[in-house]
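Asks: So that we are looking at the same thing, I have put the structure below in structure tokens.
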Amino acid sequence: MGYSGNGTSCENINECAVGTDNCHEDAACLDTDGSYECSCNEGYSGNGVACEST
């Protein structure tokens, strides 16, 4: 998704807030400009989309 608008005025979409991210349930979602990042919570390892208990 990234942005919404009319082509003249665009706004960042917070994928974390609207639930369109694909972060693992044991990961934190961080909204970035035009995208988002996932990182596994403490006690878990992985890329944020897939997290396993350590």
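Asks: Could you grab the pairs with beta carbons closer than 7 Å, sequence gap of 6+ or different chains, first residue in the stretch 17-28 and acidic (Asp, Glu), second one surrounded by 11 or more Cβ atoms within 10 Å (Cβ to Cβ)?
Replies: What qualifies is 21/15; 21/29; 21/36; 21/38; 26/40; 26/41; 26/44; 26/51.
Asks: Right, next: Answer yes or no as to whether residue 48 is among the small types (Gly, Ala, Ser), surrounded by 10 or more Cβ atoms within 10 Å (Cβ to Cβ) and in a loop (DSSP other than H, G, I, E, B).
Replies: Yes: the conditions hold for residue 48.
Asks: Sticking with this one: Restricting to the stretch 29-45, name every residue that is closer than 14 Å to residue 15 by Cα, part of a strand (DSSP E or B) and of a type outside the set (A, V, I, L, M).
Replies: 29, 31, 32, 35, 36, 37, 38
Asks: Tell me, yes or no, whether the stretch 6-22 has at least one residue that is out of contact with any Asp or Glu (no Cβ under 6 Å at 6 or more places or on another chain), surrounded by 14 or more Cβ atoms within 10 Å (Cβ to Cβ) and of a type in the set (Gly, Ala, Ser).
Replies: No, that holds for no residue.
Asks: Return a yes/no flag: does the stretch 29-42 have any residue that is surrounded by 12 or more Cβ atoms within 10 Å (Cβ to Cβ), out of contact with any helix residue (DSSP H, G or I) (no Cβ under 6 Å at 6 or more places or on another chain) and charged (D, E, K, R).
Replies: Yes, the stretch 29-42 contains at least one residue that is surrounded by 12 or more Cβ atoms within 10 Å (Cβ to Cβ), out of contact with any helix residue (DSSP H, G or I) (no Cβ under 6 Å at 6 or more places or on another chain) and charged (D, E, K, R).
Coordinate-derived values only; no laboratory data. Keep in mind that what you see is a predicted model, and the values were worked out from it rather than measured. Cβ atoms come from the backbone with ideal geometry, glycine included; neighbour counts cover every protein chain shown.
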